């Protein structure tokens, strides 16, 4: 399963995409490694996400987040998210990259765009 997150400082939109193309949406609080530790990120995700999506079967994560513009900040997010979803491959990138690279279905030519606030 593929998990995609678009995270601003105030909210995160998640999409879990199954191998057959089914898309399940979820929402949690936002994350920003400039203001939160990896433990705070983990605790918030653990509190909200499993009840909406579960945690089993996630093989890939694409996390596009506010504050993920430096390696140090990406490591903070990766550590927090990785506690709940160990394994990989995972990608953590600055939020604007999500609109450019979020695939919906391989080979479909479609892209998944999230809002970027205002």
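Take the conditions (1) out of contact with any helix residue (DSSP H, G or I) (no Cβ under 8 Å at 6 or more places or on another chain); (2) buried (at least 19 other Cβ atoms within 10 Å of the Cβ); residue 52 misses just one of them, which is (2).
Let's see how each residue does on (1) in contact with a helix residue (DSSP H, G or I) (Cβ under 7 Å, 6 or more places away or on another chain); (2) modelled with pLDDT of 90 or more; (3) exposed (fewer than 13 other Cβ atoms within 10 Å of the Cβ); (4) on the phi > 0 side of the Ramachandran plot:
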| site | (1), (2), (3), (4) |
| --- | --- |
| 10 | no, yes, yes, no |
| 13 | no, yes, no, no |
| 29 | yes, yes, no, no |
| 32 | no, yes, no, no |
| 43 | no, yes, no, no |
| 68 | yes, no, no, no |
| 95 | no, no, no, no |
| 111 | no, no, yes, no |
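Answer with yes or no whether residue 43 is in a helix (DSSP H, G or I) and closer than 19 Å to residue 68 by Cα. Yes; evaluated as a whole, the condition is true for this residue.
The values are calculated or read from the model by the stated rules, or taken from the named source; none is laboratory data. This is a predicted model, so every value here is computed, not measured. Positions of Cβ are backbone-derived with ideal geometry, glycine not excepted, and every protein chain shown enters the neighbour counts.
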